[in-house]
Every structure is written in C-alpha cells, then in structure tokens.
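The values are calculated or read from the model by the stated rules, or taken from the named source; none is laboratory data. Since this is a predicted model, take the numbers as computed values, not measurements. Virtual Cβ from ideal backbone geometry, glycine too; neighbours counted across all protein chains shown.
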Amino acid sequence: MPNDNYYKFGGSLEYEHPTYIIRKADFELYEGLRHGEFCYVLNPRQMGKSSLRVHIIKKLTEQGIKCASIDMTRIGSHVTQNEWYGGIIYELLKSLNLLKKVNLTNWWQGQDLLSPVQRLTALIEDILLTKITQNIVIFIDEIDSILKIAFRDDFFAFIRACYNQRVDNPAYNRLTFCVLGVAAPSDLIADKNRTPFNLGRAIKLSGFQMSEIKPLALGLVGKVSNPRIMMTEILEWTGGQPFLTQKLCHLVVNSVEPIPKGRETEWIDVFIDKQLIKNWESQDEPEHLKTIQDYLLIDKDNSDSLLRLYKQIIQGEQVIPKDSPKQINLCLSGLVIKKNGKLSVANRIYGFIFNLKWVEQELANLRPYGLALKAWLASQGKDELRLLRGQALQAALVWSADKNLSLEDYQFLNASQALERRESHKTIILKKQTKDMSGELLLAVKRREFQVQYQPIIFLSTSRIVGFEALVRWQHPERGWISPAKFIPMAEEIGLILPIGKWVLQEACHQLKVWQTIFPYQSEITISVNISGQQFWQANVVQQISQIIHSTNLSATSLKLEIKEIIMTVDFESAIDQIKQIKTLGVQVEIDNFGTGYSSLNYLQSCPIDTLKIDRSFVSKLSADNHGSAEVVRGILERAHQLGISVIAEGVETVEQMTQLKALGCEYGQGFLFSQPVSSKVAEKLLAKTV
C-alpha cells in the first residue's frame, strides 16, 4: 500500500514520480520539440506545466538533445535592461554547463558596443551554436512574471527572429524554444505596431482523463474497496484539475473516516463539502482557490467584465468561445474551460465555491460607490447625502457605461444625476446672486451703507459693562439688513474686506473716544474690533492701526483687536511675530473662537495675547446634565489664568449658562442674555445706566 505522502500537489513533480500522469500534451510537446518546432504551453496556474517541463527535458536529454531551462522569476523584474539580459545569459550558460568554459565577465564587457538583445544574439551564434553540436531546446518558464517589463517586446521579438533566421542561417535549425506561463500569445508582444508573436505550436494542457489516472488509483488501494469507482467520483468533482485531484486523493487516503462499500458517491459528496468547500479560505493550503480568486479580482479595471462574463456562464447562458481578450483572460484563471462548443465552469468544486452569491458580492464590492449605495438603500432612498456628486458621479457613470447593472444601481445613479442637476441649477442662481452682491458691495462701500453695532461685554461678578465688541452690519436700501455671514466672505473674496475693516476700526475707535468723553468715569471701557486674516497679514497693519489711534486720540490700551484662532494655524511662528509687532503700539490682542482652530492649550504659553474668547459652541452646551462641556471650559479657564490671560465667554444666552460660568471662575461674558448688538445711541444709554 502506498504511503500517506504518495500524492503530491503544489510544486513540480520530479521525474518518474509515481503520480505523474502522462497526458496528450506530453506526446505533443515531446514530438514538437524533438522535431524543432517552437512550442508554447500557455495555461492556467497549477495545471502541471512545470512538471511537464521536467519530464520532457528528461526525455529529450535521453535522446541527446541539450536542454536549458530558465525560470524568469529568478531574474527579477525590478532590474535594469542590462541586468535582465545579463541574468538570462547567466542562466543559459549555467543550465547548459558552459559557465566554466566561458568567462562571462570578460565576454560581456567585450560586447560593450552591442545592445542587450544583440548580446543575447551573439551568445546564441558565437557560443551556443558553436560549442554545442547537438540540437538545443531552451525552456522559458513563468513568462507571465515579465509581462509588465517595458522591454519584454524585444525579448519575444528576439525569439521570433531566431525562428526566422532558419532561412538565412541553417545552424538555427538546431535551436528551438518552449515558452510556458499564464498568458495568451497576444500578451507576449504588446506593441501593436510590431509583428505579433504568431509562430509555433500551442500545447494544450487538459485535466486528467479517466483513461489516464491509473497511477492515482493505485494510491487508493487498501483505503477504499474499489479505487476505480472512487477515482471516478473524484474526477466528477475535480474535472481532472491536477492540483485539486492530487489534493483530494491525498485527503481521502489520510481520512480517518470509514468509507462504506457501495456508498462512495454519498461519502465523497459529504467529505468534499466538509474538507474543501465549507470555510474554504481556511482550508486552501497550499493556496489554489485563492489563486483563482486573486487572478479575477487583482486588476480592478478588468475584474468587473470578467465577473459579469462568468456570471452569464453560471446562469446557464450559452457563451460561445470566440477567443476575445475577455474570454481568454477568464480561461487563464482556470475557472472556466471550453467544452462542447461553449464556455463552462471547469469543475463542480469551483461551481460550489465561486457561485452566483459570490459573484454578486464581488461585483458589489467592485462598485466605486458600493458603500454609498448600501447606505442610500438603507435609508429607503431618502438620504441625499449618500448620493454621488461631481467627479465621484462622473467616475461612476464612466465605470457603469458598459455594465449590465441592477435596478438598484440605475435608481441610485439616476437619483444622483437628478440631484446634481438641481444643485447645478442652484449654483447658477447662487453665482448670479454672488455676482450681483459683489457689485452691490462695491456700491455699499461708496454709499456708506455699513453701520457699526455694539454688543456689551459684561463683568460677570458685578454685571457691569466693561467694554463692547464692534460688529459691522449692512443695511441694503432694498433688501434691508444683510447678515455678515453672507457679505463678509464675499468681501474677503473680492478684496473689499480691507477698506471695510479699516473703516470699522476707525469708526469704533472714534465712538469709544466719544463715550469716554461723555462718561469720564468710564475711561476703562474698551472696544474690541475683529480684524480679518487679510488685514492681519498686511505688511503695513501696524502703521494703519497706529494712524487710527492717533487720529481718534484714543488711548491704545482701550483698543482690543480680535483675531480668529484659525489664523494661528496658517503659520504659527509668523503669527506670533505679527502679534508682537501689533502689541508694540500698546493695544491688547484677543483670540476669538477659541477651541475651534489650533485646538491646543499648549500654544498659549508662547502666544503673547491678553484675552481669549471661549467659542459659543462650548458655552451653548453648558447645562446641569452636560458635565463634559463644563470640564472643557474649566480646563480652558485654568490654563488661561495660569498664564495671566483673561477669558470672555461668548454666546451666553441663559441664566444657567451664566451661573455655571461664574462658578467655573470665568470673568467676562457676552451674549443675548445681556444684550443683542445695538446702535451707538442705544449702547450709550446702556452705559448711562451702568454709571
């Protein structure tokens, strides 16, 4: 009885291995090469190409034919052209036992004026055909590993040229080649302007036939009562695929389960389901099924068309072999074969594993919008945020152009296109409104349609007004008050923020000086003015501020300039330098919207500011039930106070918020709880009440 390791799957079978199966391809390849024909064995992986090569080399050698074998993966693909051809020449000399007869280094350097392919030609003519008097067969294995090398066309053109040289140089009749790999002849020379690789004899490696598998049946003797019946059942499942057949035989021989006589069919069905099909990913060792899956899925550009062709086949459509690139590619995966005038799944095991559910799942995974589609369907088509827009939509439409998509796909893409049309229409209207507004902004500056309003800043412990923030407002003659959220970004975009900002600063400083004159006992009142990023980064900003302070006769210490925290993220070091320059005037600097930009308390230590304003988003969440926000505010206050920085909480709208802020130790507050932004006259009345 054969031992438990009688069968071999994965790797080449050595010569005369007991389970080597002699197939029709053995006779065809041997006879073809023996008679000097160029042959190629281009088949899916794990069909026994390497084992075939080993056995044919042995048989040819016994007939006095010199054989060389080059495994192209040994040379590598990340090499220069010289290194690559040098590797081929080295492998040839080594395989033909000529390395001791030829000083490769000296020979290579002596061919310095020749191109790499000419050096290979020189090797053939000056060394191989000269030093070897017998016929020569060169086996080129694993050619698929070189298909992405840029200069591979020259190599295969060289092989074709060797065949053509037979007319001019009879010595070439002693040389032939055998090319092996996972490729199609059309893959070998990619340049369509060159003559295709259209010579030689194709050797087809088919699966094992019942008439051929006697050596495999011998391994089952002693394990099963009728090895031939068991082999029939095994081939019924594997379709004779060499790797699967050897592996299944090995599993049967090593099974501890008894095999009931006369019930081989039922037993093998259950056995295969348990040993190969269920949880196949964890049992696919050495890898075979994953190799097929990877071949289909690794090239995302072609995966969709291959899967859809395969889906047609497993759904029973008659797919007639036409040797189209898509069909050839699918056949090279090993998943399908040509049988009875149509493409069919190669065997039952493949059919169970790579079934319709698997295909549809992989097709879904390939969609560039798969996750968005799934979420949109989950919302019953109501969540427009999941729909595609812009480049994502265009990419999806290009991808789907030649696909047979599901109804859900079409609904999703149609809904995305409809949304984009609506949004495009809105954009056109918005652009027109923006254009109109930009023109109106220019007029507003000339017509002085802007006003400055003032919102009080309160000392929380006494509820007294200690300052105001100056806020610009636009009163349009026809549309009334326009929100700063609409016109400030537009002013920044068209460059009007500089004159507007300068005017607001001038107006606010003048107004504060007026109040200080009216209320001499309120001389400590300050005015806070926002300056935009464009204003802040002006080269002459310090000069502008100085001029305004002197022209209004305002004390510099009464002016607080607010800069948004986001400005600090542009260039922190430069921002610090700019702040220091501004502070040389004696003005104070505040950080507005603190917590929304740089998001770090650590930078405050090196930032020469006087005050920071806690962003309203933190203040609005202050409540008895929200301890998280209170802790954030507490952390800001503690760090600021450690550094001698005062803190204003903006957006205070409820008594509860004010109470919590006071309990946390916040000094100042600003918000609708105290007052909305008001005109200068109303602000003056508020000040009068404070006195």
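Just so you know, in segment 125-136 the residues that are in contact with a strand residue (DSSP E or B) (Cβ under 7 Å, 6 or more places away or on another chain) and part of a helix (DSSP H, G or I) include one that is farthest from Leu93 (Cα to Cα), and it is Leu129. Among the residues of segment 48-63, those identified as of a type outside the set (Ser, Thr, Tyr) and either in contact (Cβ under 8 Å) with a residue 12 or more places away in the chain or touching a Pro at 6+ places or on another chain (Cβ under 7 Å) (or both) are Gly48, Lys49, Leu52, Arg53, Val54, His55, Ile56, Ile57, Lys58, Lys59, Leu60, Gln63. The residue that is modelled with the lowest pLDDT, counting only those in segment 152-183 that are among the β-branched types (Val, Ile, Thr) and either part of a helix (DSSP H, G or I) or under 22 Å from Gly86 (Cβ atoms) (or both), is Ile159.
Of all residues in segment 288-311 being at pLDDT 90 or above and loosely packed, with under 14 Cβ neighbours inside 10 Å, which is nearest to the chain's Cα centre (by Cα)? Among those residues, the one meeting the criterion is Asp294. The residue that is farthest from Met47 (Cα to Cα), counting only those in segment 280-322 that are of a type in the set (Asp, Glu) and outside any helix (DSSP H, G or I), is Glu317. Contact annotation: residue pairs with Cβ atoms under 7 Å, 6 or more positions apart or on different chains, pairing a residue in segment 105-130 that is free of Cβ contacts under 8 Å to residues at least 60 places away in the same chain and in the same structural domain as Gln165 (by TED's automatic domain parsing) with a partner that is polar (S, T, N, Q) and exposed (fewer than 13 other Cβ atoms within 10 Å of the Cβ), are Pro116/Asn82. The set of residues in segment 648-674 that are surrounded by 14 or more Cβ atoms within 10 Å (Cβ to Cβ) and in contact with an Asp or Glu (Cβ under 6 Å, 6 or more places away or on another chain) comprises Gln670, Gly671, Leu673.
Just one of the numbered conditions (1) crowded, with 21+ Cβ neighbours inside 10 Å; (2) touching a residue at least 60 places away in the same chain (Cβ under 8 Å); (3) in contact with a Phe, Trp or Tyr (Cβ under 6 Å, 6 or more places away or on another chain) is not true of Ile146: (3). Answer yes or no: is there a residue in segment 585-594 that is closer than 18 Å to Val529 by Cα, surrounded by 18 or more Cβ atoms within 10 Å (Cβ to Cβ) and of a type in the set (S, T, N, Q). Among the residues of segment 585-594, at least one is closer than 18 Å to Val529 by Cα, surrounded by 18 or more Cβ atoms within 10 Å (Cβ to Cβ) and of a type in the set (S, T, N, Q), which makes the answer yes.
Taken together, Leu218, Leu248, Leu188 contain a single residue that is crowded, with 21+ Cβ neighbours inside 10 Å, outside the structural domain of Met72 (by TED's automatic domain parsing) and not hydroxyl-bearing (Ser, Thr, Tyr), which is Leu248. Among the residues in segment 63-77, are any part of a helix (DSSP H, G or I), of a type outside the set (A, V, I, L, M) and surrounded by fewer than 21 Cβ atoms within 10 Å (Cβ to Cβ)? So far as segment 63-77 goes, yes, one or more of its residues are part of a helix (DSSP H, G or I), of a type outside the set (A, V, I, L, M) and surrounded by fewer than 21 Cβ atoms within 10 Å (Cβ to Cβ). Looking at segment 524-550 only, could you name the residues that are in contact (Cβ under 8 Å) with a residue 12 or more places away in the chain, part of a loop (DSSP other than H, G, I, E, B) and among the polar types (S, T, N, Q)? Ser532, Gln538, listed by residue number.
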